[in-house]
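Here the structure is laid out as structure tokens; the discussion comes afterwards.
The values are calculated or read from the model by the stated rules, or taken from the named source; none is laboratory data. For clarity, every value in this text was computed on a predicted model and none was experimentally measured. Cβ atoms come from the backbone with ideal geometry, glycine included; neighbour counts cover every protein chain shown. These area figures cover heavy atoms from the full protein model, side chains too; ligands, DNA and RNA do not enter into them. Shrake-Rupley method; radii C 1.70, N 1.55, O 1.52, S 1.80 Å.
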Amino acid sequence: MTIQQTPDEEWRQLRHSTEHALKILLSEISNHRDPQSLFEAYTYAKEISARALQSRMLGYLPAENGTFRALHREIQQEMISRYQGVVPEALLRTPYRGKTHEGLFSLLQENLERPVQAAMLRIVTGDNVHTERRARELRELGFDLHWYEEEEISIYKLRSLDLDFDMIPSIVRNNARRTKSYTKDEKKRILGDAGIPENG
């Protein structure tokens, strides 16, 4: 059985490998005799440093975020208070409650009311493709997360810990769209009974 390392343990292990990889890369850049060696040094340094910095970031952020979980409970309680008995219970659950979204929220909360570059968020997830979509999903829940661009750099700012409950109907509608437990006609009837438009 493999014992999983904590982020801090992984950081300590990877830090020296990262230093070594970056020294090799700098040496290849200075010498630049063989382009292939330069490219190989770069890809290795990029991979190992990304893993190391993600570990350092996850060690810096809380392993569990009580505020994130409390806000999720508030959203779910509001959904239940509005739609219990009208919408099936399975559609009254808040999505996006996993560790990826929690880690993104933690970094944004750590920088509350301050801008966070998308590149910083990508350190949390280790994902260059889906990270910004994950951040936007927090906005779908009603988190007060603002996005803008500055000199073509994507910036995110968690402006407060207030929730926008106007997003509740959209959450229920999106839950209905995702589920395979109901037919299209059943989903239409459920949303209609709840007074939630099918499109929006």
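Grab the other residues whose beta carbon is less than 11 angstrom from that of G192, score K and R as +1, D and E as -1, and report the net. Overall, the nearby charge balance is -1. Ranking M167, M79 from most to least accessible surface, computed with a 1.4 Å probe over the protein chains only, gives M167, M79. Over the residues of the chain, the helix contribution to mean residue ellipticity at 222 nm works out to -20000 deg cm²/dmol, using -39500 (n - 2.57) for each DSSP H run of at least 4.
Packing, taken as the mean count of other beta carbons within 10 Å per residue, orders the peptides 140-148, 12-20 from highest to lowest as 140-148, 12-20. Counting only alpha carbon atoms, the long axis of helix 168-178 and the longest principal axis of the chain meet at about 80°.
If the label point is 7 Å along Cα→Cβ of A90, which residues in the stretch 165-200 have backbone nitrogen under 17 Å from it? The answer is 172-191, whose backbone nitrogens lie closer than 17 Å to the label point. In the context of the full set of protein chains, the stretch 2-63 has a per residue accessible area of 74 Å² (1.4 Å probe).
Dividing the mean sequence gap of close Cα pairs (under 8 Å, 6+ apart) by how many residues the chain holds gives a relative contact order of 18 percent. The apolar share of the surface of the chain, taken as the fraction of accessible area on carbon and sulfur atoms (1.4 Å probe, ligands and nucleic acids excluded), comes to 48 percent. Sparsely packed loop sites in the stretch 38-112 (the GluC sites (Glu not before Pro) outside DSSP H, G, I, E and B with at most 11 other Cβ atoms within 10 Å) comprise E64.
Over the stretch 75-200, with the other protein chains present, what is the accessible area per residue in square angstrom, probe 1.4 angstrom?
Value for the stretch 75-200: 57 Å² per residue.
Ordered by solvent-accessible area of protein heavy atoms (1.4 Å probe), largest first, the residues L38, L53, L112 come out as L53, L112, L38. Computed 3J(HN,Hα) for the stretch 101-118, one whole-Hz value per residue from the Karplus formula 6.51 cos²θ - 1.76 cosθ + 1.60 where θ = phi - 60°, is 5, 5, x, 4, 4, 4, 5, 5, 5, 4, 10, 3, 6, 10, x, 10, 5, 4, glycine and proline marked x.
Look at (i) 1.14; (ii) 1.32; (iii) 1.37: the one that is Cα Rg over 2.2 N^0.38 Å derived from this structure is (ii). Based on C-alpha pairs under 8 angstrom that are at least 6 apart in sequence, the stretch 124-193 has a relative contact order of 23 percent. Compared with the dominant Cα axis of the chain, that is its longest principal axis, helix 184-194 is turned about 70°. For the chain, take the longest principal axis of its alpha carbons; what is the angle in degrees between that and the long axis of helix 7-31, to the nearest 10 within 0 to 90? It is inclined by approximately 50 degrees. Ranking T179, T67, T43 by solvent-accessible area of protein heavy atoms (1.4 Å probe, all protein chains present), from largest to smallest, gives T43, T67, T179.
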